[in-house]
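See below for the structure under consideration.
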């Protein structure tokens, strides 16, 4: 056996192992999807046991010592020489994933897992009772454990780097902070200008009877039109919409219908379809390998935000779809002019709840969370002072304040489960979406003209070529830079927001 | 540690192991349910990989050498002394299951598994092309391998015993053959009498528009009325109805709707609900252990047949439900008298296809398959002669003959997948159902009066107490004997059929 043959054999073993792990993680994913869409009410306890057991089996397999040996053999080999080649990208990323999993002491992993379960229960209770002090000791311990996690993983400058890296591999706190600070500087005055505008949409046009079966039919049609493939996917109902799936040709969107409000289900369906189109565009023959996986949560979110906001809430999208919407929801929309409908689905106003916020203010919700969790990790803010800091920032950035912690610092589940470093990926998604959308327009010409004709597959195929099929060949920031020609920045997003909402709200240019 | 403590510790390890296996088998079961009800069309290949991988993981765990060591330690211990005690039944049955799995040489297991996959594909093609000779070599090899399987498992008298035992643990060919032969002797003339009767139901009353959403609503209501618990279960649509599930409180019925024919979905739903009610009645806290498992396919089928036929096709059932059915399906049934409806759902006539046959002729379809597969295994019949033997028996028992092998010897999937020894459990189900129904009537008084009032839970609870909660404490035949007071025989079923169909068809008593 030559040296090259031997390396290839080791790489093959590594790939087979990763594909075996994927058979288990995709099964785990089905258990999760089923839990959230189909599981009978009494089945929850046993499902938790199944998922926890399988998680153990998966973890053991992922951290098997032979994987470390294979990776060590391949590390400086010719196969890994080009980190952007298929084999090179697989090896580099499997190494990174393996290191993250094996660097953490078992005791720490278990304590975080236990505290997460406890934390989510306690969070539900504390939120219900508007009782932050009840939640506080647990969150303090969680922050402490996440600092230990960061120390175990290791980092150059910021402990937060090590946490952020879990969701956005390769991203640096400094870069993210810089882009988000730039965004904040221009977003805060933009939001204030809009809040001061006298123009207001008639929201009542969206709050009337939209029969659920018709909503489903219309949502499915729109989803199919933008390029989600139902031969390899599904759309179901759940409480908190997500995009799941259980294999390379099995991508599952979920949504939630409100009979008296159209946008809820419609835009969440388009959002999840954006995630789903990304998943469907990954190279199926590399499923389970890094070159067949999504690169980061930020890029994932860029896809969902693009289809939800840049496309789904755009004027040309509705030039195409509004006649169909009027025909479908004749009673509700038959006499509503497109202008009124368009303005209503693009209502912007400072509000308390992140998940219900609009395209413009959304990023300020994220900024607040990012700045606060960064300060917590850096010990510049104590958990005891978190509610006051939260409220101060809402006053400063959005000009509002929550009368309760339930609608304030307790509103999100993330921290209770130890997801610190997750929030910024939402805004990274918006930043990347804006940059990619501009690049697509440079490549494809007038996107508005395409959308007006109901032609969305050009954009999907452009994304497929430049983003989806790339898997994890390049780290997220590098991938986006290569495709757009510019580094991460707030410029494109601000151009988009000013360009869209300036005219709508009659703002000075 | 005392001897007793040590035994108890070993038994606990054995139980924990069995419960871990159940976490995996129930996950496998969800993969299967999902495949048949929800999986996107393009997801099939990957699902097959997931299921095959998990099957390997499960098999390895089930046949782990330490299980054999624990079982050896417990075999003649005080814990196993009473095979009907909780621990005793667990040990005896786990021993039996372990032996079946470990006695087979790996090469044989793999060849049968491969041949099954191939066989099912080839069967589909051969059936479509009405080409038995194309299927013949594979079936010859399968019979040969099943003989090898029987030899590896071991048996006292008949190799068929070893195959039957897989589906009906503890059952003996001689007993089954005796009961079925007794049944045949009286059933053949009964079917001939009915075929000769001039009375015929108007089948057209069932072949009209029954909107599917109303069928679902009505089926769900009836299913709930007989005691299936939707908090611990579901009802979905599939191609070939089955009862699945993924945990002790997660039992999933499936059905298939035909807009122009009511009984198809309705009785298949009641049938699957019978299986589901059994599953829901097993001791949830013993899930994964023999004392928490169904005892045999025959007893399982007795539950489905009882609710489908003995209850669901009975006169008092429809005295209760028919007014609701008429209100639900006003266009189709509004002017149809109950007598006509009742006669139509109890139409009996010799026909070619087992799965579409009625309560009376069904057992003759089974008898034919049982007699033929027994002869094959005993080398008293060659596969080459199977079509002719099949046709001869259909002529003799049912007075009809199939013009094609597709509707004859090729109609069932079972043999192509190596399921030899499975067919008789269908008729065992009917025999046990009749015996249990008589015993229930002796215990509960006038069942007809209960049903007429819509009171079905007394019967369910009686079955729960005497059958469901027993798990595998007693082998099927012993359990039925204990509950009914009589050994397996055809008497009760014949009484039921004569008692019900004699009057309907105006037969001499």
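FYI, it's all coordinate maths here, none of it is from the lab. Everything numeric here is computed off the predicted structure, so don't read it as measured data. Note that we place each Cβ from the backbone using ideal geometry, even for glycine, and neighbour counts take in every protein chain shown.
Go ahead and run the numbers for FRET between residue B:330 and residue B:258, Cβ-Cβ distance against an R0 of 22 Å, rounding to 0.05. The partial results should precede the final answer.
Working: r = 19 Å, r/R0 = 0.87.
Plugging the Cβ-Cβ distance into 1/(1 + (r/R0)^6) gives 0.70.
Mind putting together the pair-distance distribution for chain A? All Cα pairs, 20 Å bins, whole percent per bin, short to long.
Pair shares across the bins are 21, 57, 21, 1.
For the range A:101-245, how big is the tail of P(r) above 18 Å, as a whole percent of Cα pairs? Could you put the intermediate results ahead of the total?
On the way: 8083 of 10440 pairs.
Above the 18 Å cut-off, the range A:101-245 has 77 percent of its Cα pairs.
Summarise the partner chain shielding of A:364-372 as one whole number: the mean count of Cβ atoms from other chains within 10 Å of each residue's Cβ.
Rounded to a whole number, the mean comes out at 0.
If the label for residue A:44 sits 7 angstrom from Cα along the Cα-to-Cβ line, what are its distances to the same label in every other copy, in nm to one decimal, shortest first?
Distances between equivalent label points, in nm: 3.7.
Could you compute Rg(Cα) / (2.2 N^0.38 Å) for the range B:243-315, with N its residue count?
For the range B:243-315, the normalised Cα radius of gyration comes out at 1.19.
Given the Cα-Cα distance of residue A:213 and residue A:482 and 0.36 nm per residue of separation, how much length would full extension add, in nm?
Contour length minus Cα-Cα distance gives 92.5 nm.
With only alpha-carbon atoms counted, please give the Rg and Dmax of the range A:1-77, in Å.
Spelled out, the Cα radius of gyration and Dmax of the range A:1-77 are 17.4, 58 Å.
Multiply the residue gap between residue A:82 and residue A:141 by 0.36 nm, knock off their C-alpha separation, and tell me the result in nm, one decimal place.
17.1 nm
Relative contact order for the range B:172-303 using alpha-carbon pairs under 8 Å, separation at least 6, rounded to a whole percent? Provide the component values of the computation, followed by the final result.
Values: 147 pairs, mean separation 26.5, N = 132.
For the range B:172-303, the relative contact order is 20 percent.
Using the Kirkwood formula on the Cα atoms of the range B:298-362, what hydrodynamic radius do you get, in angstrom to one decimal?
Evaluated over the range B:298-362, this radius sits at 13.2 Å.
Can you sort A:496, A:481, B:300 from fewest to most other Cβ atoms within 10 Å of each residue's own Cβ?
Working: A:496 19, A:481 15, B:300 24.
Least to most surrounded, the residues fall as A:481, A:496, B:300.
Using alpha carbons only, what's the Rg to Rh ratio of the range A:1-130 with Rh from Kirkwood?
Here the Rg-to-Rh quotient is 1.11.
From Cα pairs below 8 angstrom and at least 6 apart in sequence, can you work out the relative contact order of the range B:3-103, rounded to a whole percent?
RCO, the range B:3-103: 32 percent.
Subtracting the Cα-Cα distance from 0.36 nm times the residue separation, let me have the gained length for residue B:120 to residue B:444 in nm, one decimal.
Additional length available on full extension: 112.1 nm.
Can you give the FRET efficiency for residue A:69 and residue A:178, using 1/(1 + (r/R0)^6), R0 = 41 Å, r = Cβ-Cβ distance, to the nearest 0.05?
According to the calculation, E is roughly 0.55.
Output the peptides B:464-470, B:304-310 sorted from most to least packed, where packing is the average of other Cβ atoms within 10 Å over each peptide's residues.
B:304-310, B:464-470
Relative contact order, percent, of chain A when contacts are C-alpha pairs under 8 Å separated by at least 6 residues?
21
Tell me whether the range A:163-247 comes out rounded, prolate or oblate; compute the Cα gyration tensor, take square roots of the eigenvalues as a ≥ b ≥ c, and use a/c under 1.5 as the rounded threshold.
oblate
Starting from the alpha-carbon convex hull of the protein assembly as shown, give the projected area averaged over all orientations, in nm².
47.0
Using only the Cα atoms of the range B:275-330, what semi-axes does the equivalent ellipsoid have when each is the square root of 5 times a gyration tensor eigenvalue? Give whole Å, largest first.
So the three semi-axes of the range B:275-330 are 32, 13, 7 Å.
Could you pull the copy-to-copy label distances for residue A:204, with points set 7 Å along Cα to Cβ, in nm to one decimal and sorted shortest first?
Output for residue A:204: 5.6 nm, nearest copy listed first.
Arranged by the count of other C-beta atoms within 10 angstrom, fewest first, what order do B:205, A:124, B:67 take?
Fewest to most other Cβ atoms nearby, the residues stand as A:124, B:205, B:67.
Can you sort A:376, B:457 from fewest to most other Cβ atoms within 10 Å of each residue's own Cβ?
With the sparsest Cβ surroundings first, the list reads B:457, A:376.
Could you list, bin by bin from short to long, the percent of Cα-Cα pairs of the range A:402-450 in 10 Å steps?
So the P(r) values, bin by bin, are 21, 28, 22, 18, 11.
Average partner chain C-beta neighbours within 10 Å, per residue of B:240-247?
Partner-chain Cβ atoms within 10 Å, mean over residues of B:240-247: 3.
Measuring from a point 7 Å out along Cα→Cβ, what nm distances, shortest first, does residue A:498 have to its partners in the other copies?
9.6
How well do other chains shield peptide B:226-232, expressed as the mean number of their Cβ atoms within 10 Å of each residue Cβ?
Shielding by partners across B:226-232 averages 2.
Please state the shape class of the range A:412-509: rounded when a/c is under 1.5, otherwise prolate if a/b exceeds b/c and oblate if not, all from the C-alpha gyration tensor.
Note, shape of the range A:412-509 comes out oblate.
Bin width 10 Å, origin at 0, all Cα-Cα pairs of the range A:197-263: what percent of pairs per bin?
For the range A:197-263, the binned pair fractions read 19, 41, 26, 12, 3 percent.
Relative to the first principal axis of the alpha-carbon coordinates of chain B, what is the inclination of helix B:262-281, with its axis defined by its Cα atoms, in degrees from 0 to 90 and to the nearest 10?
30
Quick one: helix B:362-377 against the long Cα principal axis of chain B, what's the angle to the nearest 10°, folded into 0 to 90?
So the helix axis and the longest Cα principal axis differ by about 40 degrees.
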